[in-house]
Amino acid sequence: MPRAKSKLSINKQSDENELEFFSHEPDRLDEMVEGNPISENNPQVRGGRTGSRAVALQALYESDSSGHPALATVKRLAKEQGLTIDDIDFASRLVSMCENQREHLDSLISKIASQYPSEQMPLVERNILRVAIAELEMSDAAPESVVANEAVELARLFGSNSSPKFVNGVLGALLG
């Protein structure tokens, strides 16, 4: 298992520019972006909306970590996963909503997880929450419990060991 990575940042709340280290558990998508095979049990994701959500998550993660355009990444990943036209459309709409409403989504996430600022949250968890909240705001969204369960499953597949519990807690607080 990879070692935990640390991020160096400047504490903007203090008058002095103090350096702080925020460590996070390595997640499975870190390895994918770095080009390493995940493992012999590479997470296999079904098609349908489950596959669309996974592709949206991976595309947003790749965009955040490498700057690749997320919509182009959706098309590439969807082809690799063998998604249908409807599934690709759903993944593309999710990614577009997440990109176009990023500030709104991050604001909601920050209000719910106030002790864990959005900019310090690991990319996997932040993007899982963005995808889930964006889907909840869609007119053709699945029921809330389905969206929450799918988000926890994505956290289990792609996040660190603590990701499912964190995502479940944040979405549980949101959906109350």
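Bear in mind these aren't lab numbers, they're just calculated from the coordinates by the rules spelled out. Model, not experiment: these values are computed from the prediction. Virtual Cβ from ideal backbone geometry, glycine too; neighbours counted across all protein chains shown.
Things worth noting here:
- Additional length obtainable on full extension of the chain from Arg76 to Ser145, 0.36 nm per residue less Cα span: 21.9 nm
- With a cut-off of 15 Å between beta carbons, the residues surrounding Gly47 carry a summed charge of -2, where Lys and Arg count +1 and Asp and Glu -1.
- Peptide ranges 49-57, 99-107 listed from the most packed, as the mean C-beta count within 10 angstrom indicates: 49-57, 99-107
- Each Lys and Arg contributes +1 and each Asp and Glu -1, all at the Cβ; summed about the Cα centre of region 43-175, the dipole is approximately 260 debye.
- Ranked by the mean number of other Cβ atoms within 10 Å per residue, highest first, peptides 142-153, 127-138, 83-94 order as 127-138, 83-94, 142-153.
- Normalised per residue, the volume of the convex hull around the Cα set of region 43-175 (Å³): 97
- Cut-off 12 Å between beta-carbons: net charge of the residues surrounding Ala141, Lys and Arg +1, Asp and Glu -1: -2
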